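Below is one structure, written out as structure tokens, with a few remarks after it.
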């Protein structure tokens, strides 16, 4: 049986001219396909020289760079398991991830080496390297001594390729285990579904520590042998300025809102573009319509998760293959992708009629195997017939379009990032003088949603909202920090004593929007 290593498939799609530009950065650096091949070989040889146990995890928390992408590809190539970590994570979070995943290798930003290496060595990690976003660090220094030839390690489709931590709605984050087969099946299918063609150029302006930027965008370009215009950070003016050289853009809704605020976004600026894709958070109908009017392009909205990569998508074209006359419809995430089964069930586990709102469940070659070292949690999240319970709530209309109407467990999606109230409430509740707290998501014009913390103090305690927020800032990633905090005498409760978050959301919903 031939190797199912995802890297093998990506490498096979490289163009025949290896000297052509594969990646061009916003600093004007150009990397050829040969550079990608040689650098990933050297990094893979460095990893192989460490004599790591089979299935070793390589945990990576570094700023976005082409070298960081190469490290991801080298990890696949060498047959190890890639574990990307959000660059905003702070000490308490990193301690948990390293303790839980027990990586053999940790790679961090040079500036964080002091504190990250202490955590890693204490947890038993043998090797800690640094990688800067300016092509510095011990990883590249060490890799430079290795051969630029490397035979890709053979892997089976169900061998583990990556672990992505999804914050837990209750308590701690869970590590979703994705295989070579999960990601390869999804990449090949999306290449066809989204009409990737020869000569396509992708503007890559997303972070590379989650599914959207690391898998959907990078795999999409590589498996098509397409050049990437690489941006370390999203800047609306710079993205619009590069559109005449590109054909595909992927972004979270916040990025589209920011580009719409630029006078430079015109039909002329986007005339060469073929496709705009949005995901990671709900796209407001207002943004969808305004983009269509301004640019003449219709954003294609799709739906995926850390556990499943992509699940559904609006159609690329009105192809009869996808049922009767189909178009990209705002407010929906389109149809289940070929090979994906999606159903909506009530709390009683029974299928619901067309148009009824219920729990979304999915099955397909892209759906993850299990949560890392959490057999009970894994068992809870799958039905007896093998469907994954997404935790999302939605409906399917009579034409088959899927609409996500909300999320169970009060998840907040802020600027495309998942914020789980239970985690932040846990930190607030540990603070001196706090009896209880509730975090709710409210509408925000830029981020879609932001968190608002509502806190009850102990009798006689003088709690200051700004002090609570400052304390959280020292412990948690910035995207998790509530935008406002209120200290109140009591929280609204139902007869069971459960906090009624719907009432809090209602109370504070106009804080940021008129």
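The values are calculated or read from the model by the stated rules, or taken from the named source; none is laboratory data. Bear in mind that the values here come from a model prediction, so they are computed numbers and not experimental data. In this analysis, Cβ positions are derived from the backbone assuming ideal geometry, glycine residues included, and neighbour counts consider all displayed protein chains.
Would you call residue 232 surrounded by fewer than 14 Cβ atoms within 10 Å (Cβ to Cβ) and under 25 Å from residue 447 (Cβ atoms)? Quick ask: steps written out before the conclusion?
On the way: surrounded by fewer than 14 Cβ atoms within 10 Å (Cβ to Cβ): no; under 25 Å from residue 447 (Cβ atoms): yes.
It is false that residue 232 is surrounded by fewer than 14 Cβ atoms within 10 Å (Cβ to Cβ) and under 25 Å from residue 447 (Cβ atoms).
For segment 215-251, the set of residues classified as assigned to a loop (DSSP other than H, G, I, E, B) and touching a helix residue (DSSP H, G or I) at 6+ places or on another chain (Cβ under 7 Å) consists of 223, 224, 231, 234, listed by residue number.
Would you mind finding the one in 344, 362 that is within 22 Å of residue 184 (Cβ to Cβ), modelled with pLDDT of 95 or more and not in a loop (DSSP other than H, G, I, E, B)?
Details: 344 fails: within 22 Å of residue 184 (Cβ to Cβ).
From the options 344, 362, the qualifying one is 362.
In summary, residue 382 fulfils each of the numbered conditions (1) closer than 24 Å to residue 313 by Cβ; (2) touching a residue at least 12 places away in the same chain (Cβ under 8 Å); (3) touching a strand residue (DSSP E or B) at 6+ places or on another chain (Cβ under 8 Å) with the single exception of condition (2). Evaluate the following for residue 52: is it in a helix (DSSP H, G or I) and either on the phi < 0 side of the Ramachandran plot or at pLDDT 95 or above (or both)? When the stated conditions are applied, residue 52 does not pass them. The number of residues in segment 392-415 that are out of contact with any strand residue (DSSP E or B) (no Cβ under 6 Å at 6 or more places or on another chain) and modelled with pLDDT of 90 or more comes to 5. Determine whether segment 77-100 contains at least one residue that is in a loop (DSSP other than H, G, I, E, B), surrounded by fewer than 18 Cβ atoms within 10 Å (Cβ to Cβ) and more than 22 Å from the chain's Cα centre (by Cα). Looking through segment 77-100, none of the residues is in a loop (DSSP other than H, G, I, E, B), surrounded by fewer than 18 Cβ atoms within 10 Å (Cβ to Cβ) and more than 22 Å from the chain's Cα centre (by Cα).
Looking at 239, 248, 252, 257, which one is under 21 Å from residue 89 (Cβ atoms), buried (at least 22 other Cβ atoms within 10 Å of the Cβ) and not assigned by TED's automatic domain parsing to the domain that holds residue 83? Even if it seems obvious, please write down each step before you answer.
Values: 239 fails: under 21 Å from residue 89 (Cβ atoms); 248 fails: under 21 Å from residue 89 (Cβ atoms); 257 fails: under 21 Å from residue 89 (Cβ atoms).
Only one candidate passes the filter, namely 252.
Restrict the check to segment 305-317 and report whether at least one residue is within 22 Å of residue 277 (Cα to Cα) and surrounded by fewer than 18 Cβ atoms within 10 Å (Cβ to Cβ). For segment 305-317, residues within 22 Å of residue 277 (Cα to Cα) and surrounded by fewer than 18 Cβ atoms within 10 Å (Cβ to Cβ): present.
Based on what the data block shows, is residue 352 farther than 24 Å from residue 418 by Cα and either out of contact with any helix residue (DSSP H, G or I) (no Cβ under 9 Å at 6 or more places or on another chain) or outside the structural domain of residue 418 (by TED's automatic domain parsing) (or both)? Steps first, please.
On the way: farther than 24 Å from residue 418 by Cα: yes; either out of contact with any helix residue (DSSP H, G or I) (no Cβ under 9 Å at 6 or more places or on another chain) or outside the structural domain of residue 418 (by TED's automatic domain parsing) (or both): yes.
Against the criterion (farther than 24 Å from residue 418 by Cα and either out of contact with any helix residue (DSSP H, G or I) (no Cβ under 9 Å at 6 or more places or on another chain) or outside the structural domain of residue 418 (by TED's automatic domain parsing) (or both)), residue 352 qualifies.
Residues of segment 483-514 that are outside any strand (DSSP E or B), modelled with pLDDT under 90 and either out of contact with any helix residue (DSSP H, G or I) (no Cβ under 8 Å at 6 or more places or on another chain) or outside the structural domain of residue 443 (by TED's automatic domain parsing) (or both): 494, 495, 496, 497, 498, 500, 502, 513, 514. Beta carbons closer than 8 Å, at least 6 apart along the sequence or on distinct chains, pair a first residue in segment 25-41 that is on the phi < 0 side of the Ramachandran plot with a second that is surrounded by fewer than 16 Cβ atoms within 10 Å (Cβ to Cβ) and assigned to a helix (DSSP H, G or I) for 26/238.
If you check 136, 152, 125 for being in a loop (DSSP other than H, G, I, E, B), outside the structural domain of residue 474 (by TED's automatic domain parsing) and more than 27 Å from residue 5 (Cβ to Cβ), only one passes: 136.
Note on segment 158-171: among residues that are farther than 18 Å from residue 87 by Cα, crowded, with 17+ Cβ neighbours inside 10 Å and touching a helix residue (DSSP H, G or I) at 6+ places or on another chain (Cβ under 7 Å), the one that is modelled with the lowest pLDDT is 169. Residue 264 meets each of the listed conditions (1) in the same structural domain as residue 102 (by TED's automatic domain parsing); (2) in a loop (DSSP other than H, G, I, E, B); (3) more than 19 Å from the chain's Cα centre (by Cα) apart from (1).
Modelled with pLDDT of 95 or more, in the same structural domain as residue 96 (by TED's automatic domain parsing) and assigned to a strand (DSSP E or B): is that true of residue 116 in this structure? The answer is no for residue 116. Taken as a whole, the structure places residue 96 among residues that are out of contact with any helix residue (DSSP H, G or I) (no Cβ under 9 Å at 6 or more places or on another chain) and either without any contact (Cβ under 8 Å) to a residue 60 or more places away in the chain or within 25 Å of residue 307 (Cβ to Cβ) (or both).
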